[in-house]
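Please treat every number below as a calculation from the coordinates, not as lab data. On a predicted model such as this, the values are computed, not experimentally measured, just so you know. Glycine gets a Cβ as well: all are built from the backbone with ideal geometry, and neighbour counts include every protein chain shown.
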Amino acid sequence: MELNIYHLYPEHLNLYGDLGNVNCLKRRCLERGIEVNVVNFTDDEKPDLNDGDIFFIGGGSDRAQQLVYKDFLQYKDVLKELIEEGRAVLAVCGGYQLLGTSFIDKQGNNIPGLSILDYESKYTGDKRIIGNIIIETTLNLEPNKLVGFENHGARTYSKYQPLGNVLVGRGNNDDDMKEGIVYKNYIGTYLHGPVLPKNPHLADHLILQALRNKYGDVESLEPLDDEIENKAYEKFIKLYGK
Amino acid sequence: MVNVRSMIALYAGKFSKQVLKLINSSGTALPGKLALRIDNNFLDNIEEKCDTVIMVTGTNGKTTTNNLLNHVIGTRTDKILSNLKGANMIQGIATTYVNNTKDHYDYGIFEVDEGTLRSVTRYVKPDYILVSNFFRDQLDRFGEIDNLVEDVYTTIEKLPESTLILNVDDPLVNKFTQLPNKIIKFGLDLDLDEVQNSSLSMKNCPLCEGKLQYSSHVYGHFGNYECDKCGFKRPNPDFVVSNLEEKASSQMITIDYGDEELVFEYPYTGIYNAYNVLGVFTVCKQLGLSDDEIVSAMGDFSFHLGRMEEMEYKGKIIKVILTKNPIGLTQVINMISNDERSKTVVHILNDNPADGEDISWIWDAYTICEREETVLHYYCSGIRAEDIALKKKYDNVPLDKIKINDNFKEIIDTAIEDDVEIVYVLPTYTAVFETRDYIENVVKSN
Ligand SMILES: [Zn+2]
């Protein structure tokens, strides 16, 4: 088996160690004998998005997100269709906001997003949300919690299924104690960490969906030696869980 | 004229220092904080007392640069007021003044946090400002350094009398050459062509967002660059390091300026140290020190406080190096990679507020050690021991080499008994002092 992991704009959207997510997907495939091609989609190189099995988009500085917004406008319909089709996509923080209908710039102005999905991120005048976060995920995962670090100024409002209910921390906004969104196999989240190495069960969820899309009858993934991952996860819950 | 309010502030600060001593607390910023509470113009006193004021700012190397400057200028005078221990926020600088004992100082030399420069220079106008570099810091809460650079830039716009000493290898610092101030430039004419880490290197022009093309590359986003859109490029520096030769525990540095060329040995390795040395050299030349004075002082510099300290234990070297942000950690690992000796590496990762509560910064660092076969163990400790262990796993280190224990004392006890020539201990900020003190105690009681 073989998967193409598309990394969108790694040269611009590379804050908070989120590149570790791509390493994680790759590593967990290779350990199971699944071949992997990491394909960078950049300003200069525009490989065919239709060939991607898992897509990752991270967050960047305000100016970097503006550059990406302008450049990606002409490709957004393709990605939208792929998400409708059920391709596996992970968008973190700025990338999560970018795919919605609006996000905010440095001055707190609301600016249009790519509108690939119908949720909005806006400026409320309230302080940035920064801190450790633990959520109970709505996905059928074992264990059922996800851990990470959130750091965002905008508040996101959506009617989609959330990625999880917040146990510790804040999540999308100040009101509903929900974190992230799930739509088909698209996952948007504010969790850094990076989120996948810290939550290998979420990484495996994306890999499994991608394999099912491509090869149909994949039932489950072979378990891996996650001793260190589990220790880090348990330590986090011990330190910051309530 | 004696300002009564400011006198009260000074004595309140001194009194609190005595109290801190009694309760055996180090609280380096508290006396200054108290003094500022009583007299918020308290820092005005510093400018009155010091003939020449030098400030050092930028992300990395401030404390080393400050200590090295003190060491070199200290060969001329002992009348220097300085925040040598790295308390670089406004209260820390005020504390330095609370602790002062002399009526007059020839030099005030301060490292100043980039975010604090604006408030400090409201009271103290520096004669020289050394701007070393801008890197994303682990405390970079807003996810971008653009705002920080802009803040320092507009601060210096209000200081037209200050001479700027700029590291022009950094495009973000080079931007400051557009200011009308007197400007002295320094940089390294080297092409090291190291492994590039995409999240550490910058590719866009700070003026126009165009692409920066590098004809040579030192590390991070340092190098010889030119914007393909607006022509913004690295100018020729006035002071240049034209050659570096790394040895086991020192380096030969060649500095060129004007028609002069100097070659000397500096007792610490690492390219980032070459930047510190060149920055200090450039400042000292502005102050009128002779080449010989500077070079011979640098040759016997020794640094404490865990920034680069070496201790000996049972015939091996224990080296403590603070690692507090992605570029710093990358550079230290690069230095370890160049070391051929058998070694063990101890990471101590804390996530206290001063370290950065978001430890995802370790994923922005390039932490793969070359010469993997010379590393016996990677010990992982600190509050987030498991997280640094996970990063080592992702570096493809064999799992049996990774040892996890969040008790740093236990891990140091074990690590220093390893049968190796050198033990590298790499604590984050809030771990550095206690780690250093603990090792010193063990070494002494042996
Ligand atoms: Zn330009």
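Could you tell me what percent of the DSSP beta bridges with both partners in region A:2-240 are antiparallel, to the nearest 5?
Working: 25 of 45 bridges.
So the antiparallel bridges in region A:2-240 amount to around 55 percent.
Whole percent per 20 Å bin, from 0 to the bin with the longest distance: what is P(r) over all C-alpha pairs of the protein assembly as shown?
That works out to 17, 49, 30, 3, 0, in percent per bin.
With +1 assigned to the C-beta of every Lys and Arg and -1 to the C-beta of every Asp and Glu, and no other charges, what is the dipole magnitude of region B:241-351 about the Cα centre in debye, to the nearest 20?
The calculated dipole for region B:241-351 is roughly 760 debye.
Starting at the first residue of region A:165-173, write each ³J(HN,Hα) from the Karplus equation 6.51 cos²θ - 1.76 cosθ + 1.60 with θ = phi - 60°, in whole Hz, x for Gly and Pro.
Result, ordered by residue: 9, 6, 9, 9, x, 10, x, 4, 7 Hz.
Hey, can you grab everything whose amide H is under 5 Å from the amide H of A:Lys178? Only 5+ residues off in sequence or another chain; H modelled, so Pro and N-termini drop out.
Correct list: A:Val166, A:Asn172, A:Asn173.
Amide H of A:Ser115: which non-local residues (sequence gap of 5 or more, or other chain) have their own amide H closer than 5 Å, using H built in the peptide plane?
Counting only residues 5 or more places away or on other chains, the set is A:Gly100, A:Thr101.
For region B:79-94 and region B:328-365, what is the separation of their Cα centres, given in Å?
26
Would you kindly state how much longer the chain becomes between B:Asn243 and B:Glu209 on full extension, computed as 0.36 nm times their sequence separation minus their alpha carbon distance, in nm to one decimal?
Details: separation 34, 0.36 × 34 = 12.24 nm, distance 3.19 nm.
Additional length available on full extension: 9.1 nm.
About the Cα centre, and with charges only on the beta carbon of Lys, Arg (+1) and Asp, Glu (-1), how big is the dipole of region B:377-446? Nearest 20 debye, please. Kindly include the intermediate steps, with their values, before the conclusion.
Details: 9 positive and 14 negative charges, 52 e Å.
I would put it at about 240 debye.
Applying the Karplus parametrisation 6.51 cos²θ - 1.76 cosθ + 1.60 with θ = phi - 60° to the phi angles of region A:156-163, what ³J(HN,Hα) value in whole Hz is obtained for each residue in order, glycine and proline being reported as x?
9, 10, 8, 9, 6, 4, x, 5
Evaluate the charge dipole of the protein assembly as shown about its Cα centre and quote only its size in Debye, nearest 20, assuming +1 on the Cβ of each Lys and Arg and -1 on the Cβ of each Asp and Glu. Intermediate results must be reported in sequence, preceding the final value.
Numbers: 72 positive and 105 negative charges, 474 e Å.
Roughly 2280 debye for the protein assembly as shown.
Could you identify which residue out of B:Asn167, B:Asn276, B:Asn243 has the top mean-square fluctuation in a GNM of chain B using Cα springs shorter than 10 Å?
Judging by the Gaussian network model, the answer is B:Asn243.
For chain A, what does the alpha-carbon gyration tensor say about shape, rounded, prolate or oblate, given a ≥ b ≥ c as the root eigenvalues, a/c under 1.5 as rounded, and a/b over b/c as prolate?
On the way: a/c = 1.66, a/b = 1.09, b/c = 1.52.
The shape class here is oblate.
Give me B:Lys393, B:Lys229 ranked fewest to most by other Cβ atoms within 10 Å of their Cβ, as a rough exposure proxy. Mind dumping the intermediate values first?
Working: B:Lys393 22, B:Lys229 14.
With the sparsest Cβ surroundings first, the list reads B:Lys229, B:Lys393.
Which whole-Hz couplings ³J(HN,Hα) result when phi for each residue of region B:220-237 is put into the Karplus expression 6.51 cos²θ - 1.76 cosθ + 1.60, θ = phi - 60°, listed in order with x for Gly and Pro?
Residue by residue, region B:220-237 yields x, 9, 7, x, 9, 10, 8, 7, 6, 9, 10, x, 4, 8, 5, x, 6, x Hz.
How would B:Glu48, A:Glu150, B:Glu114, B:Glu293 line up from fewest to most surrounding beta-carbon atoms within 10 angstrom?
Working: B:Glu48 9, A:Glu150 25, B:Glu114 20, B:Glu293 15.
In order of increasing Cβ crowding within 10 Å: B:Glu48, B:Glu293, B:Glu114, A:Glu150.
Compute the separation of the alpha-carbon centres of region B:412-446 and region A:132-161 and state it in Å as a whole number.
39
Per DSSP H run of n ≥ 4, the term is -39500 (n - 2.57); total these for chain A, divide by its residue number, and report the mean residue ellipticity at 222 nm rounded to 500 deg cm²/dmol.
On the way: 7 runs with 72 residues, N = 242.
When only DSSP H runs of four or more count, the value is -9000 deg cm²/dmol.
Checking the table A:Lys76/B:Lys229; B:Lys33/B:Lys62; B:Lys85/B:Lys393; B:Lys324/B:Lys409; B:Lys158/B:Lys185; A:Lys26/A:Lys122 against a 25 Å threshold on Cα-Cα, which pairs fail? Please report the intermediate quantities before stating the final value.
Working: A:Lys76/B:Lys229 27 Å; B:Lys33/B:Lys62 22 Å; B:Lys85/B:Lys393 34 Å; B:Lys324/B:Lys409 20 Å; B:Lys158/B:Lys185 20 Å; A:Lys26/A:Lys122 33 Å.
From the list (A:Lys76/B:Lys229; B:Lys33/B:Lys62; B:Lys85/B:Lys393; B:Lys324/B:Lys409; B:Lys158/B:Lys185; A:Lys26/A:Lys122), the Cα-Cα distance tops 25 Å for A:Lys76/B:Lys229; B:Lys85/B:Lys393; A:Lys26/A:Lys122.
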